[in-house]
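Colleague: Have a look at this one before I ask anything.
The values are calculated or read from the model by the stated rules, or taken from the named source; none is laboratory data. In this text, all values refer to a predicted model and were calculated from it rather than measured experimentally. Cβ placement follows ideal geometry from the backbone for every residue including glycine, while neighbour counts extend to all protein chains displayed.
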Amino acid sequence: MSKSQLSVKHLIGIKDLTEKDIYLIFNTAKEFKQVINRPIKKVPTLRDTTIANLFFENSTRTKLSFELAEKRLSADVINFAASSSSVKKGETLLDTVNNILAMKVDMIVMRHPSPGAPKFLSENINATIVNAGDGTHEHPTQALLDNFSIWDHFGEIKGKKIVIMGDIMHSRVAMSNFFALKKLGAEVKVSGPITLIPKYIKELGVDVELDMKKALEWCDVANILRIQLERQNIKYFPSLREYSQYFGVTREILDSLKDKKVIMHPGPINRGVEIESQVADSENSIILEQVQNGVAVRMAVLFLLANRRK
């Protein structure tokens, strides 16, 4: 493994990473991808490290991916679910974490509904923090695995045209992807209902294309996001049926495009809403590759941050 080090002690957001950091994570993930594809999938790299997974929001894919990454690295793992904890009895976030730290935990992987919660922890406790999603702010490891998947598929990201489609306003995945793609030299556009595209988007150097077919014609890669109804407190479009009619990616639309497009989705997929099954399961799709890459990228992040502690 590389002896290079990350410039950060915690992974709070893509904003904090340099281009060199991102490529260090990619190259380390490439080595770990070989590990998880061999008969013996474990390495003893983090044998003396204890990692706590603190999920204050429901999660299936991200939590499983982190847990698998930790176990592949031979770390000791503690899983904490807020729904069955003293948080329900009024315990503060800092009290909860300090109680866990008293058990001699080295690293904390945390998902929290409040933007800034991982940063707050990183400034107040003596443990390495990995942000697994904070509100609508950032989801850095998802962006890293998305960008790694593009890099792994094409061999480069610079100059590639990426469109992120769907519910941009409520997506922490979109925000982290904007930062990562721009740092790595990609051209980025968004597409979706105008009500779900934030007004500040152009300040990030991201263009808007409201016509979904034009956006697909332009891009090399379409990263399709689901509609996050659980984060929406007002109606942003008339119905899911109408959304699907105007912004759902279908096989018919893909077949009508001049060039072959790579289709991505961070999951979970709402089949028949933002994406048709014939697209999600097609030869254009690298969605399952993203899932496998997620374990390798999270192994790389945990390994590199653990090295920073030494």
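Colleague: Give the residue that is surrounded by the fewest Cβ atoms within 10 Å (Cβ to Cβ), with candidates limited to residues of segment 64-96 that are modelled with pLDDT under 95 and of a type in the set (Lys, Arg).
Modeller: Filtering segment 64-96 for residues modelled with pLDDT under 95 gives 78-96.
Right, trim to of a type in the set (Lys, Arg) and you get 88-89.
Values: LYS88: 9, LYS89: 6.
Out of the qualifying residues, it is LYS89.
Colleague: From SER122, SER176, SER149, which residue is modelled with pLDDT of 90 or more, assigned by TED's automatic domain parsing to the domain that holds LYS260, surrounded by fewer than 24 Cβ atoms within 10 Å (Cβ to Cβ) and touching a strand residue (DSSP E or B) at 6+ places or on another chain (Cβ under 9 Å)? Step through it out loud before you land on a result.
Modeller: Values: SER122 fails: assigned by TED's automatic domain parsing to the domain that holds LYS260; SER176 fails: surrounded by fewer than 24 Cβ atoms within 10 Å (Cβ to Cβ).
Step by step, each of SER122, SER176, SER149 is checked, and only SER149 is modelled with pLDDT of 90 or more, assigned by TED's automatic domain parsing to the domain that holds LYS260, surrounded by fewer than 24 Cβ atoms within 10 Å (Cβ to Cβ) and touching a strand residue (DSSP E or B) at 6+ places or on another chain (Cβ under 9 Å).
Colleague: Oh, and also: Output the residues belonging to segment 1-18 that are closer than 20 Å to SER149 by Cα, assigned to a helix (DSSP H, G or I) and of a type outside the set (A, V, I, L, M, F, W, C).
Modeller: LYS15
Colleague: Exactly one of (1) crowded, with 18+ Cβ neighbours inside 10 Å; (2) over 30 Å from THR92 (Cβ atoms); (3) not basic (Lys, Arg) is unmet by ALA52. Its number?
Modeller: (2) is the only condition that ALA52 fails.
Colleague: Looking at (1) surrounded by fewer than 19 Cβ atoms within 10 Å (Cβ to Cβ); (2) at pLDDT 95 or above; (3) touching a strand residue (DSSP E or B) at 6+ places or on another chain (Cβ under 7 Å), which is the only condition PHE154 fails?
Modeller: The single condition PHE154 does not satisfy is (3).
Colleague: For residues that are small (Gly, Ala, Ser) and more than 16 Å from VAL262 (Cα to Cα), scanning just segment 192-232, find the one that is surrounded by the fewest Cβ atoms within 10 Å (Cβ to Cβ). Please lay out each step first, then the result.
Modeller: Going residue by residue through segment 192-232, those that are small (Gly, Ala, Ser) are 192, 205, 215, 222.
Right, trim to more than 16 Å from VAL262 (Cα to Cα) and you get 192, 205.
Numbers: GLY192: 30, GLY205: 11.
In this case the residue turns out to be GLY205.
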